[in-house]
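S.K.: Below is one structure. I have some questions about it.
The values are calculated or read from the model by the stated rules, or taken from the named source; none is laboratory data. Remember, it's a predicted structure, so these values are computed and weren't measured experimentally. In this analysis, Cβ positions are derived from the backbone assuming ideal geometry, glycine residues included, and neighbour counts consider all displayed protein chains. These area figures cover heavy atoms from the full protein model, side chains too; ligands, DNA and RNA do not enter into them. Shrake-Rupley method; radii C 1.70, N 1.55, O 1.52, S 1.80 Å.
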Amino acid sequence: MSLHQPDVNEVSPMDQEITRWINAPAGNFAALDMATVAVTRYGVPLLVLLVVAQWWGRQDRPHLRHTCVAAGLSFLVGLGFNQMVLLFVQRARPYDAGVSHLIIERSADWSFPSDHSTASFAIAAAFLLHGFRGRGSALLVAALVVGLSRVYVGTHYVTDVLGGAATGIVAAILVCLLYREGTRADRLVTGIL
């Protein structure tokens, strides 16, 4: 069988059923559809803007700036991980397999893992790992909403979102271990503006 053919048998029945359940209201409730489509389109850019806006925060500025840089690096490393995963896992989108009803435009790439989830969870995990519990928790809730929106609009399976969350969290852990606060490079970057 070609890797390019959609095959619903590659996805567990439980994943299919949960995906169907979350996607079931799509197209039936205009206000919910509009809100969810807005989250799926603008959620990640808004999270990035929230991180950028914190650059000028007054509380513990060097640590906050270090965290902002770590969040950006986690975002990029997570998306890099996803590109490596796509070399080995080429899962068809749920709408191509007849599992979901799509209410946004079609995606050109494979379904697993979700880049939106990777980006969102990488940002949230970076803030949590750097001790910003309140901000990190709020970002984590936002990441969950973004991930669920991707299933609701019909473009991902639940496990695509979980896989994206995992690559984002792993990326944030890796960045936390390798990008050390207070190094010369960190002081140079966090001293900008």
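S.K.: By per-residue mean of other Cβ atoms within 10 Å, what is the highest-first order of 167-176, 16-25, 119-128?
M.R.: 119-128, 167-176, 16-25
S.K.: To continue, here is another question. Which order do the peptides 40-46, 69-75 take when ranked by the mean count of other beta-carbon atoms within 10 Å per residue, highest first? Please list the in-between numbers first.
M.R.: Working: 40-46: 16.7, 69-75: 24.1.
Put in order of decreasing packing, that is 69-75, 40-46.
S.K.: Ok, one more. Can you tell me how much longer the chain between residue 14 and residue 173 gets when fully stretched, taken as 0.36 nm per residue apart minus their C-alpha distance, in nm with one decimal?
M.R.: Taking 0.36 nm per residue and subtracting the Cα distance, the gain is 54.3 nm.
S.K.: Going from the alpha-carbon gyration tensor of the range 29-110, what semi-axes, largest first and in whole Å, does one get by taking the root of 5 times each eigenvalue?
M.R.: Square roots of five times the eigenvalues give 32, 21, 7 Å.
S.K.: Taking Cα pairs under 8 Å and at least six residues apart, what relative contact order does the chain come out at, in percent?
M.R.: Numbers: 310 pairs, mean separation 60.1, N = 193.
RCO, the chain: 31 percent.
S.K.: Here's something else I'd like to know. Per q in 0.08, 0.10 Å⁻¹, report the Debye log10 I(q)/I(0) for the chain, using one uniform scatterer on each alpha carbon and no solvent.
M.R.: Log10 of I(q)/I(0), two decimals: -0.29, -0.43.
S.K.: For the charge dipole of the range 5-163, defined by +1 on Lys and Arg C-beta atoms and -1 on Asp and Glu C-beta atoms about the Cα centroid, which residue among 77, 92, 50 has the Cα displaced farthest towards the positive pole?
M.R.: Looking along the dipole axis, the top candidate is 50.
S.K.: Ordered by packing density, taken as the mean number of other Cβ atoms within 10 Å over each peptide's residues, highest first, how do 177-183, 138-144, 158-164, 100-106 rank?
M.R.: Values: 177-183: 12.3, 138-144: 18.9, 158-164: 24.7, 100-106: 16.1.
The densest-packed peptide leads the list: 158-164, 138-144, 100-106, 177-183.
S.K.: For residue 43, what is the net charge nearby, where nearby means another residue's Cβ is under 13 Å from its Cβ and Lys, Arg count +1, Asp, Glu -1?
M.R.: Combined, the nearby Lys, Arg, Asp and Glu give +1.
S.K.: Let me see the pair-distance distribution of the range 99-193: every alpha carbon pair, 5 Å bin width, integer percents in order.
M.R.: Once binned at 5 Å, the Cα pair distances of the range 99-193 give 3, 14, 19, 19, 16, 12, 8, 6, 3, 1, 0.
S.K.: Solvent-accessible area per residue for the range 85-139 at a 1.4 Å probe radius, Å²?
M.R.: 43
S.K.: For the range 113-165, what number results from the quotient of the Cα radius of gyration and 2.2 N^0.38 Å?
M.R.: Ratio of Cα Rg to 2.2 N^0.38 Å: 1.10.
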